[in-house]
Amino acid sequence: LEECDKISCGPNPFLIPSETKLKIDGLVEESTVKILSVSGVLVFEFETPGGRIAEWDGRDMKGNYVSSGIYIIAGFNKEATKVCTGKVAVIRR
């Protein structure tokens, strides 16, 4: 995708722990993806060299599953000229 505005995520709500990873669709190529809490705290960050679709397993930087809540997913290219955002509800079982 050259342009992006909305990221779609699924499954939403995302139940963790799970065998299934969250699919994040609608990214531009070579993006950085940040998972943020609604208060703006960075939970997890990773690179997506391939493009449109990325996956997240529901864990934070330390490898622990995140708490239940709403998370903001932000994807942006290297120059940060294209930014896409989406939301996902995480339910920890």
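Restricting to segment 30-57, name every residue that is among the basic types (Lys, Arg) and at pLDDT 90 or above. Residue satisfying the conditions is LYS34 alone.
For residues that are loosely packed, with under 12 Cβ neighbours inside 10 Å and among the β-branched types (Val, Ile, Thr), tally how many sit in segment 23-52. Steps first, answer last, please.
In the first step, residues of segment 23-52 are kept if they are loosely packed, with under 12 Cβ neighbours inside 10 Å; the result is 38-41, 47, 49-50.
Of the ones still in play, those that are also among the β-branched types (Val, Ile, Thr) are 38, 41.
The number of residues fulfilling the criteria is 2.
Can you confirm whether PHE76 is among the aromatic types (Phe, Trp, Tyr) and surrounded by fewer than 15 Cβ atoms within 10 Å (Cβ to Cβ)?
No; evaluated as a whole, the condition is false for this residue.
Here is the figure for segment 64-86: residues that are closer than 15 Å to VAL41 by Cβ and in contact (Cβ under 8 Å) with a residue 40 or more places away in the chain total 3. Of all residues in segment 79-92, count the ones that are at pLDDT 95 or above and open to solvent by 70 Å² or more (accessible area, probe 1.4 Å). Matching residues across segment 79-92 total 3. Among the residues of segment 4-22, are any loosely packed, with under 13 Cβ neighbours inside 10 Å, touching a strand residue (DSSP E or B) at 6+ places or on another chain (Cβ under 7 Å) and of a type in the set (Gly, Ala, Ser)? The answer is yes, given that some residue of segment 4-22 is loosely packed, with under 13 Cβ neighbours inside 10 Å, touching a strand residue (DSSP E or B) at 6+ places or on another chain (Cβ under 7 Å) and of a type in the set (Gly, Ala, Ser).
Yes or no, residue by residue, for (1) outside any strand (DSSP E or B); (2) out of contact with any Leu (no Cβ under 7 Å at 6 or more places or on another chain); (3) over 20 Å from GLY10 (Cβ atoms):
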site: LYS23; (1), (2), (3): no, yes, no
site: ILE35; (1), (2), (3): no, yes, no
site: GLU47; (1), (2), (3): no, yes, yes
site: ALA54; (1), (2), (3): no, no, no
site: MET61; (1), (2), (3): yes, yes, yes
site: ILE72; (1), (2), (3): no, no, no
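The values are calculated or read from the model by the stated rules, or taken from the named source; none is laboratory data. What you see is a predicted model, and the numbers here were worked out from it, not measured in a lab. So basically every Cβ, Gly included, is an ideal-geometry build from the backbone, and we count neighbours across all protein chains shown. The area values use the complete protein model at the heavy-atom level, side chains included, leaving out ligands, DNA and RNA. Shrake-Rupley method; radii C 1.70, N 1.55, O 1.52, S 1.80 Å.
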